[in-house]
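The structure appears right after this line, and notes come after that.
The values are calculated or read from the model by the stated rules, or taken from the named source; none is laboratory data. If you're wondering where the values come from, they're calculated on a predicted model, not measured in any experiment. As a convention, Cβ positions derive from the backbone with ideal geometry for all residues, glycine included, and neighbour counts pool all protein chains shown. Surface accessibility is based on the protein's heavy atoms, side chains included, excluding ligands, DNA and RNA. Shrake-Rupley method; radii C 1.70, N 1.55, O 1.52, S 1.80 Å.
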Amino acid sequence: MIIGDKLKGRHLTRSPKSNANQLEIAKAAGVSVSTVSRALSDARGISDERRMQIRKIAEDAGYLGRPRIAAQPTSHLRAYVTGSLATGGLAPFYEAVIAGLRDKAHDGGYSLSIRMVDETSLGPERMQRDQEKEEANVTIFVGIDLTDELAGYFLNGSHRAILVNGYDPEMRFDCVAPNNFYGARMAGRALLQAGHRKLLYIHDHTRWTTTQRRRGFYAALEDFPDASCTAIGVANGVDTALLAEVERRAKGEADWTSVFCANDMGAFRLMSALEAAGLSVPGEISVIGFDDLPYAAMMHPRLTTMRVNCFEMAHQAILLAQRRIAEPDVMPVQLECAVTLQPGATIAQFA
């Protein structure tokens, strides 16, 4: 078989009956052997995208150093993914979560089906219809906040639900999400500790996850009494408010020197607008994002952002499903995965 690495243009050629070793996998992926070892053992310090690339090469090459469960799945999981977010600038985020769910479900011996949906179509009738067609032990909602009707369906029946990249404020369902509050607080402190005191906050869609990011960012400001912040929304990809604010800054009508964007797509749109207005990053304006999506590394300069480990979040979701199947009436658990600073080149010390 021939396995091609699209990123590096290298190929790994092997007999169908032989197994690739880690050196050959490393050559095909264009990485070191230690990186291959860490990717296959789920160690920290490697991006989700690189981990999935290496695992795909290893699997296609018949690498058997990390055997998987061969038994027939005994439980089925069904996942619904937000269509409104998974098809736009946040698509890489949700693609990584789904890849992680598939990988960990396979490792755990579960079958998994994925359905991208319009959230407005989700309700008790849709759940009942889908359950009759394909019985699932647990339903996973990715990036979807449950309506009261949908929550009632699960609370009143034997069917269980888990939220991924979401919260249940009533604490009735198992949830796993990034630690949005403290991650955003760290982002704000990164700007403040660089000496910035005039900040701009850019947000778009409003969910419980993004609400926590806003709260965390403003919590950072509380430790710096001389700091002030302006906030603007850029919902549904409409940049009217963003462009108007950048124009005000270019004319000297606004005085912010740094910006926290609630996600990396917002940071990309901001930096494009700043460049068009003749404002340099980070020379005149410092910028930090959130998520560390693949295109953050392609931005120039490289975006400083907060890294969300989508693969680990998916791993924890499968563990929650396993626990819920084993103990259907156990108390709900709400988990938050750590968020880390991904250094880039878009924050400068304010003089």
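A few points about this structure:
- Residue check, T230 among the polar types (S, T, N, Q), in a strand (DSSP E or B), within 25 Å of Q342 (Cα to Cα) and open to solvent by 10 Å² or more (accessible area, probe 1.4 Å): yes
Residues checked against (1) open to solvent by 20 Å² or more (accessible area, probe 1.4 Å); (2) within 19 Å of T206 (Cβ to Cβ):
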| site | (1), (2) |
| --- | --- |
| H76 | yes, no |
| G83 | no, yes |
| G88 | yes, yes |
| R102 | yes, no |
| L112 | yes, no |
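- Any hit, the range 132-142, residues being touching a Gly at 6+ places or on another chain (Cβ under 7 Å), touching a residue at least 12 places away in the same chain (Cβ under 8 Å) and assigned to a helix (DSSP H, G or I): no
- Residue check, A297 aliphatic (A, V, I, L, M), in contact with an Asp or Glu (Cβ under 8 Å, 6 or more places away or on another chain) and either in the same structural domain as E170 (by the TED database) or surrounded by fewer than 23 Cβ atoms within 10 Å (Cβ to Cβ) (or both): no
- Check on H106, open to solvent by 50 Å² or more (accessible area, probe 1.4 Å), at pLDDT 80 or above and either not small (G, A, S) or not assigned by the TED database to the domain that holds M298 (or both): yes
- When D255 is tested against (1) open to solvent by 20 Å² or more (accessible area, probe 1.4 Å); (2) assigned by the TED database to the domain that holds I318, only condition (2) is not met.
- When restricted to residues that are in a strand (DSSP E or B), out of contact with any Leu (no Cβ under 8 Å at 6 or more places or on another chain) and open to solvent by less than 70 Å² (accessible area, probe 1.4 Å), the range 306-339 contains 3.
Each row is one residue, and each column tells you yes or no for (1) surrounded by 21 or more Cβ atoms within 10 Å (Cβ to Cβ); (2) modelled with pLDDT under 95; (3) of a type outside the set (G, A, S).
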position: H159; (1), (2), (3): no, yes, yes
position: I162; (1), (2), (3): yes, no, yes
position: L191; (1), (2), (3): yes, no, yes
position: A194; (1), (2), (3): no, no, no
position: R214; (1), (2), (3): no, no, yes
position: A235; (1), (2), (3): no, yes, no
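- Listed conditions (1) open to solvent by 10 Å² or more (accessible area, probe 1.4 Å); (2) part of a loop (DSSP other than H, G, I, E, B); (3) among the β-branched types (V, I, T) are all met by T210, apart from (2).
- Selection status of R66, at pLDDT 90 or above and open to solvent by 30 Å² or more (accessible area, probe 1.4 Å): no
- Number of positions in the range 274-294 that are among the small types (G, A, S) and open to solvent by less than 10 Å² (accessible area, probe 1.4 Å): 2
- Test: R189 is in the same structural domain as I285 (by the TED database), free of Cβ contacts under 8 Å to residues at least 60 places away in the same chain and in a helix (DSSP H, G or I): yes
- The residues of the range 268-315 that are farther than 20 Å from T209 by Cβ and small (G, A, S), listed by number, are S272, A273, A276, A277, G278, S280, G283, S286, A297.
- A184 of a type in the set (G, A, S), surrounded by 13 or more Cβ atoms within 10 Å (Cβ to Cβ) and assigned to a strand (DSSP E or B): no
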